1. What is the local net charge at G207, summed over the other residues whose Cβ is closer than 12 Å to its Cβ (Lys, Arg +1; Asp, Glu -1)?
2. Enumerate the amide H contacts of L222 below 5 Å, restricted to partners 5 or more residues apart or on another chain; note that Pro and chain-start residues carry no placed amide H.
3. Going by how many other Cβ atoms sit within 10 Å of their own, how do W27, W150 line up, fewest first?
4. Hey, what did the chain get for relative contact order, percent, Cα under 8 Å, at least 6 apart?
5. By counting other Cβ atoms within 10 Å of each Cβ, how are F179, F113, F46 ranked from fewest to most?
6. Among D225, D236, D44, rank each residue by its count of other Cβ atoms within 10 Å, from fewest to most, as a rough exposure measure.
7. Can you list the aspartates and glutamates whose alpha carbon is less than 17 Å from that of K58, not counting same-chain residues fewer than 8 positions off?
8. Show me 303-312, 123-132, 103-112 ranked by packing, highest mean number of other Cβ atoms within 10 Å first.
Amino acid sequence: MKRILVNGAGGFIGGHLVTRLKNEGHWVRAVDLKQHEYTQLPADEFVQADLREQSVVKKVVEGIDEIYQLAADMGGAGYIFTGEHDADIMHNSATINLNTLHYGRLSGVKKFFYSSSACMYPAYNQTDPDNPNCAEDSAYPANPDSEYGWEKLFSERLFLSYMRNYKVEVHVARFHNIFGPLGTWDGGKEKAPAAICRKVAMTPDGGEMEIWGDGEQTRSFLYVDECVEAVRRLMDSQVSIPLNIGSEEKVTINQLAAMAMEIAGKTIKLKHIPGPQGVRGRNSDNRLIEKSLGWKPSRPLREGMEKTYRWIEKQAEIKYGVLTS
Ligand code: NAD
């Protein structure tokens with residue numbers, strides 16, 4: 001049994017990770033600014049505190065063998081691509097990462113996981129929706145399209161430099177659009193699959209819903225259970241270079257919306273409006289992770305969307321009352 005710290009445990013992926021680590025029999029300390037909104041976490045300790053505070057981090061790393069660092073100031077396109085939150089995103093997330101590494105190392109933590117993002121890949125390789133390049137070695141020359149991506153790139157390098165200079169074990173994943181139940185689905189920080197599921201759930205059959213841009217931008221989406229499995233494999237491996245964790249099942253946003261409508265049994269007209277979209281095309285490149293960890297997603301997008309849609313439909317019902325379907 002290991003003593004594990006999960007930073008960002010009150011969030012979407014961190015919450016799922018705590019459950020997985022507890023199921024494996026580990027002792028888990030969970031830290032977040034907020035309690036988990038949608039579930040009671042099975043953590044041994046939950047510390048509600050701010051990881052930007054040095055005194056907090058100094059304390060929560062005590063007695064810990066491994067840290068999973070997932071806490072970040074983050075959200076969907078409506079939060080990270082408008083430019084309005086750039087200073088906070090960079091300051092908050094970098095401070096958390098600096099504190100975690102500094103105090104973790106001083107306290108004798110030997111192993112760190114860091115959740116980077118596909119947003120660190122250069123914009124110039126993601127202009128063609130049909131042929132984006134997100135191979136791990138395409139990261140440089142760097143040119144992420146958002147400050148969120150630049151901060152991820154900086155922090156990847158920060159973790160890797162601690163590995164080189166202080167001989168701690170470091171594993172870095174570049175997540176590509178993780179989705180599933182128990183994630184933010186409302187309020188402005190939600191990502192595309194959750195936002196689309198909510199809109200479909202709350203729009204009557206025959207109605208109309210808004211999509212940012214022309215909906216022809218491409219992405220791939222990975223179900224959260226698959227993500228957690230890949231993270232655990234990465235953490236137990238000898239791989240110390242950043243790896244993509246994503247799906248290669250690329251779809252347009254219009255196709256994603258059509259999938260959600262089909263699951264709901266509704267026909268809804270898409271109204272394309274101007275809005276933040278991020279890069280034009282993005283897809284995970286899983287060649288390296290498949291070769292080094294033998295991992296690839298086991299289930300199709302449709303299956304994860306079905307589970308996510310049902311969960312969001314239920315949440316919307318609880319929050320907004322009976323839906324018009
Ligand atoms: P999330 O927003 O649900 O979780 C992040 C958590 O960090 C939140 O609960 C938040 O309260 C917490 N946090 C933020 N600032 C904090 C602070 N100062 N002190 C303590 N806690 C703080 O996001 P998520 O989707 O679970 O993502 C987890 C990690 O994975 C993040 O680092 C994110 O950047 C990265 N990532 C996620 C995706 C995705 O598709 N979900 C894609 C790429 C990268």
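1. Its environment carries a net charge of +1.
2. So L222 has HN proximity to I178, F179, S247.
3. Ranking W27, W150 by Cβ neighbours within 10 Å, fewest first, gives W27, W150.
4. Relative contact order, the chain: 18 percent.
5. Exposure proxy ranking, most exposed first: F46, F113, F179.
6. Starting with the residue having the fewest Cβ neighbours, the order is D236, D44, D225.
7. Within reach: D32, E45, D50, E66.
8. Ranked from most to least packed, the peptides come out as 303-312, 103-112, 123-132.
Every number here is computed from the coordinates shown, using simple stated rules; none is lab data. Everything quoted here is computed from the prediction, not taken from an experiment. For neighbour counting, all protein chains shown are included, and Cβ atoms are generated from backbone atoms with ideal geometry for every residue, glycine included.
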